[in-house]
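Structure first, commentary second.
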Amino acid sequence: MIQVNKKFNKIQLKLVAYEMGKDVCIILTGGKSHLGSITIGVEGINKETFIVGKHKEYIITEKLGEMLKNRYCGNFVICCGIHIDNITEKEIEDIINLSCKMMEKVCVKLKIG
C-alpha cells in the first residue's frame, strides 16, 4: 500500500494505492468521502469512466487515468469522492492540481516513470 496526503488551505486529500500483482487500485478522497466517479483502465483497451449521479469527480479520475494509461503496463481502477462545502472554482482547480502531484508521487513509488 502506498499513501500520499496533501493539505492546502481547507483542502485535505488522501490518495491510497493498492498494488494487486501488476494491477493497481487507486482511491482518492477528501472532505466528506463518498464514491463520485470510477475510471477503469484495461491493458490494450481504452479506459472507461463511470459517474455516480451528478458528481464531477470524473474530471479527476479521467486525468489520473490518462497519467496511468501512458505510464503503467497493468490494469488499474481509480475511485474518487471529494466533497467540500461551498467550494470555489479556484479550489476545484487546486484539487485537480494536487491530485496530479499526488499521482506523480505514486507513479514514482510504483517505479513506473
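The values are calculated or read from the model by the stated rules, or taken from the named source; none is laboratory data. Nothing here was measured: the structure is a model prediction, and the numbers come from that model. Because the Cβ atoms are built from the backbone with ideal geometry, glycine has one as well, and the counts that use them run over all protein chains shown.
Quick test for you: out of Ile26, Ile82, pick the one residue that is β-branched (Val, Ile, Thr), closer than 16 Å to Leu110 by Cα and touching a helix residue (DSSP H, G or I) at 6+ places or on another chain (Cβ under 8 Å).
Only one candidate qualifies: Ile26.
Return the residues of the range 1-34 that are modelled with pLDDT of 95 or more and part of a loop (DSSP other than H, G, I, E, B); say none if nothing qualifies.
Selection gives nothing.
Which of (1) crowded, with 16+ Cβ neighbours inside 10 Å; (2) out of contact with any Lys or Arg (no Cβ under 8 Å at 6 or more places or on another chain) is the odd one out, the single condition Leu13 does not satisfy?
(2)
Within the range 49-68, can one find any residue that is closer than 19 Å to Val4 by Cβ and more than 14 Å from the chain's Cα centre (by Cα)?
For the range 49-68, residues closer than 19 Å to Val4 by Cβ and more than 14 Å from the chain's Cα centre (by Cα): absent.
Take the residues of the range 31-50 that are crowded, with 16+ Cβ neighbours inside 10 Å and out of contact with any Asp or Glu (no Cβ under 6 Å at 6 or more places or on another chain): which is nearest to Cys107 (Cα to Cα)?
Result: Gly41.
Please state which one of Glu62, Glu43, Glu57 is more than 22 Å from Ile11 (Cα to Cα) and either without any contact (Cβ under 8 Å) to a residue 12 or more places away in the chain or among the acidic types (Asp, Glu) (or both).
Unique residue meeting the criteria: Glu43.
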